[in-house]
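Just below is one structure, and these are the notes that go with it.
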Amino acid sequence: MKRLETLYSQGSHQWQVIARDPERATALIDTNEYLVSHGNEAMLTDPGGLEIFPVVFSALAAGFDPRRVKWIFASHQDPDVISSLSLWLEFNPALRCYASRIWGSFLPHYGGDGGTFIGLPDEGGKIPLGGIELDVVPAHYLHSSGNFHLYDARARILFSGDVGAALTPPEEDALFVADFDRHIRHAAGFHRRFMGSKAAVLDWCERAAAMEIDLLCPQHGSVYQGADVMRFINWFAELEVGSGLRAVRPELQQAA
Amino acid sequence: MHSNIEMAARSADLHAIVRIGDGIRGVVDTAREVNLAALNAMLSSRRGGDNAVGFRVASAELREISHRLMDAMQDLTVLVSSMVSEVAQRQRRQRNHDYFQRVEGERARANGNLPDILGRQEGDMARLSALLGQRRRALHLKASRALRLCDQGLTLSRSALVEAAYGGASAPALKQVAEQLAQSIRSVAETLGRVRAELEEAGS
Ligand SMILES: [Fe+2]
Ligand SMILES: [Fe+2]
């Protein structure tokens, strides 16, 4: 069973995470859903796939009034990110969903209509939440070609979608990264294969390094905190990505 | 938890509709054959002269029946395509209902307004089921009417067979055409019978 846990709380401003589901169907990748709330409004990041909707909803609604969730933030178009959309809309047809503008005609395959989606421009920007603003941070090609992260300057938290994601075995499946070197082994293969562009990686790392981040919150696996955030950024900047291409063209191994 | 068996049971509806649709297309094809054969019969009977006038009349009426069969199949096709979309809608409601039913915990169910949501979904499903029942009955009625047309067609093809004997030199050819017509109509009737049985089974 998933649980709602608090990552940050300052007055009415909160970050909570619905994480860890040991009973998840094994064929499905486990996901973290973050609930950012301020005042009367809340935004749910990458609400997840259809199949895990019941556990996500159970966990969320057990500790929070789900009617306060006014917004969904979809970092990108993957099924593990947003295929539960039709069910969230069934619960609340007035929900609005942020996502890259390039997915405007793709996402309605999961549900919703023209009124549901708010297309984000490539350069990102600010989006309102209960009287404050959150920053939409471009992260294109990491891995999706229309990809955004969400930064909260008050809480100093960056929701980083698939960046920082780790596929951890259950025994190392803690909420926070405990031992960076141990943890990152479970992230390496995924980042090499899913991230396709070194230029995109470096560009992101440069911007991320300049941001004040206490918690780096990926969609899969443990949350990075404190010094591990910078450790991750440095590790990522050094990583050779695009391994799928190199599998097909071994001569590129040297070039990269 | 949902099971594949349950999903298979639900998609059985869709499979039944597909079979009904196939049947209808089969009937249209055969009715078209009847139409052509009857036209040929009329033309051949000209060569039989005045003696074949009875054969000619029977063939003309058979053509009329084949037209009416094709029209009836047109109506059936329209009904079937609405049924496909309604079955799909009902399946979607059912699937969403299953997901919401899997939400656990007293508090979560209350906070999430689950009784309302589940009730609304059940209402929608009941409405769609009632609508599908109506469609099924309408299809059954139309299939039965088409079967009565086939009965008339068979009677006509029998009298065409009798009349063929008066065709003089053309008699063997006319007889053959009459037999072919009877054969085609029997095949239409058989297909329609299957469609009707399918509908009765789906309704049970
Ligand atoms: Fe992804
Ligand atoms: Fe993902």
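The values are calculated or read from the model by the stated rules, or taken from the named source; none is laboratory data. Bear in mind the structure is a predicted one, so any value in this text is a computation, not a measurement. Every residue, glycine as well, gets a Cβ built from its backbone with ideal geometry; the counts of neighbours run over all protein chains shown. To get the accessible areas, we keep the full protein, side chains included, count just its heavy atoms, and leave off ligands, DNA and RNA. Shrake-Rupley method; radii C 1.70, N 1.55, O 1.52, S 1.80 Å.
By the compact-protein rule of thumb, 2.2 N^0.38 Å, the alpha-carbon radius of gyration of the stretch A:74-161 corresponds to a ratio of 1.06. Beta-bridge orientation, the stretch A:72-137: approximately 45 percent antiparallel, per DSSP, counting only bridges with both partners inside. Mean separation of Cα pairs under 8 Å and 6 or more residues apart, divided by the residue count, gives the stretch A:1-111 a relative contact order of 21 percent. What angle, in degrees between 0 and 90 and rounded to the nearest 10, separates the Cα long axis of helix A:198-209 from the longest principal axis of the Cα atoms of chain A? Tilt relative to chain A: about 60 degrees.
Each residue was assigned an accessible area with a 1.4 Å probe, and for B:HIS15 the value is about 110 Å².
How big is Rg to Rh over the protein assembly as shown, alpha-carbon atoms, Rh as the Kirkwood inverse-mean-distance radius? Checking Rg against Rh, the ratio lands at 1.24. The chymotrypsin sites (Phe, Trp or Tyr not before Pro) of the stretch A:1-110 meeting both criteria, a DSSP state outside H, G, I, E and B (loop) and at most 16 other C-beta atoms within 10 angstrom of the site's C-beta, are A:PHE106. Centre-to-centre separation between the Cα atoms of the stretch B:70-123 and those of the stretch A:8-77: 25 Å. Expressed to the nearest 5 percent, the antiparallel share of DSSP beta bridges inside chain A is 65 percent.
If you stretched the chain out fully between A:ARG96 and A:ARG182, how much longer would it get, using 0.36 nm times the residue separation minus the C-alpha to C-alpha distance?
Contour length minus the Cα-Cα distance gives 27.1 nm.
Hydrodynamic analysis of the stretch B:33-101 uses the Kirkwood radius over alpha carbon pairs. Inserted into Stokes-Einstein at 4 °C and 1.567 mPa s, it gives a translational diffusion coefficient of 84 µm²/s.
Per-residue shielding of B:106-119, expressed as the average number of other chain Cβ atoms within 10 Å of the residue Cβ, stands at 4. The amide H of A:CYS97, built 1.01 Å from its N in the peptide plane, has A:ILE72, A:PHE117, A:ILE118 as neighbours under 5 Å, considering only residues 5 or more places off or on other chains. Each Lys and Arg adds +1 at its Cβ and each Asp and Glu adds -1 at its Cβ; summed about the Cα centre, the stretch B:2-203 shows a dipole of about 200 debye. Altogether, the Stokes-Einstein calculation at 10 °C and 1.306 mPa s, with the Kirkwood radius of the stretch A:1-125 over Cα pairs as Rh, returns a diffusion coefficient of 108 µm²/s.
Accessible surface calculations at 1.4 Å, restricted to protein heavy atoms, place the protein assembly as shown at 46 Å² per residue. Ellipsoid semi-axes for the stretch B:2-203, based on the Cα gyration tensor and the rule √(5λ), read 53, 12, 10 Å when sorted largest first.
The angle separating the long axis of helix A:180-194 from the principal Cα axis of greatest extent in chain A is about 90 degrees. Plainly put, chain A has a radius of gyration that is 0.95 times its Kirkwood radius, both from alpha-carbon atoms, as the Rg/Rh ratio. For A:ALA153 and B:ARG127, a Förster radius of 35 Å and the Cβ-Cβ distance give a FRET efficiency of 0.10, rounded to the nearest 0.05.
When the stretch A:66-157 is described by a simple charge dipole with +1 on each Lys and Arg Cβ and -1 on each Asp and Glu Cβ, the residue from A:GLY112, A:LEU142, A:VAL69 located farthest towards its positive end is A:VAL69.
Taking Cα centre as origin and charging only the Cβ of basic (Lys, Arg, +1) and acidic (Asp, Glu, -1) residues, the dipole magnitude of the stretch A:161-256 rounds to 440 debye.
Please report how far the C-alpha centroid of the stretch A:123-137 lies from that of the stretch A:151-187, rounded to the nearest whole angstrom. The stretch A:123-137 and the stretch A:151-187 have Cα centres spaced 23 Å from each other. Positive end of the dipole of the protein assembly as shown (Cβ unit charges, origin at the Cα centre): among A:THR6, A:PRO47, A:LEU216, the Cα lying farthest that way belongs to A:PRO47.
Need the list of aspartates and glutamates near A:LYS126 for cross-linking: C-alpha distance under 19 angstrom, and skip anything on the same chain fewer than eight residues off. Counting by Cα, and skipping residues close in sequence, A:LYS126 has these aspartates and glutamates nearby: A:GLU41, A:ASP46, A:ASP135, A:ASP152, A:GLU212.
Under a model in which nothing but the beta-carbon of Lys, Arg (+1) and Asp, Glu (-1) is charged, the protein assembly as shown shows a dipole of about 2000 debye around its Cα centre. Here's the picture: charge each Lys and Arg Cβ at +1 and each Asp and Glu Cβ at -1 in the protein assembly as shown, and of B:GLN91, B:LEU43, A:GLY242 the one pushed furthest to the positive end of that dipole is B:LEU43. Of all DSSP-defined beta bridges confined to the stretch A:33-156, some 55% are antiparallel rather than parallel.
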